[in-house]
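See below for the structure under consideration.
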Amino acid sequence: MKAALLILSDRGARGERADASGPALEKWLSQQGVTTNRCEVIPDEGAMIIERLREWADSNTFDLILTCGGTGVSPRDVTPDATVEVLDRLIPGFGEVMRAKSLLKTPNAMISRAVAGIRGQTLIINLPGSPKGAIENLEAVWPAVPHAVAKIQGDQAECGTP
């Protein structure tokens, strides 16, 4: 599986803060046998997020695109809104599971607006901005990710066991 990481951080994009989430996700994905072919830090700007997600998903280069950051309720948190703009289909279960698992650790999980879905043959998942939160959320949904990617890309195998 080939992945791309889009890190949303105004301060990171201006060089005022080093990105810790991208390297943490890259390491975790590598341990799952996933190659990260791209990692970019951009500001929390809806138009830029939309442009990058469309460009990457439409390139057919990545099976999985993970966004990191901008999933909360502050005025600059626009990642879910931008993501919905580019998706062909939503997959609500990913966000539901991430919020449910996170809620066991923090009540702030209920204000996450993270979404996931499909554009073309690419799975896109929003993750929170902190390295710890991003990894925990990805771990929560990971059991379904390889299967989802295979199905999105046309796998015709049966889903359940007879």
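What to note about this one:
- Sorting the Cα pairs of the stretch 36-138 by distance into bins of 5 Å, from 0 upward, gives 2, 13, 26, 26, 20, 10, 3, 0 percent per bin.
- Per-residue [θ]222 nm for the chain (sum of -39500 (n - 2.57) over DSSP H runs n ≥ 4, rounded to 500): -12000 deg cm²/dmol
- Within the same chain, lysines fewer than 8 places from K101 are excluded, and of the rest, those with a Cα less than 21 Å from its Cα are K132.
- Whole-angstrom gap from the stretch 104-137 to the stretch 13-56, using each part's C-alpha centre: 13
- Of all DSSP beta bridges in the stretch 11-162, antiparallel share, percent nearest 5: 55
- Ranked by the mean number of other Cβ atoms within 10 Å of their residues, highest first, the peptides 102-114, 63-75, 18-30 fall in the order 63-75, 18-30, 102-114.
- Most to least packed among 149-157, 76-84 [average Cβ atoms within 10 Å]: 76-84, 149-157
Only the coordinates and a few stated rules stand behind these numbers; no lab work does. Please read all numbers here as calculations on a predicted model, not as lab measurements. Cβ coordinates were reconstructed from backbone atoms using ideal geometry, including for glycine residues, and neighbour counts include every protein chain displayed.
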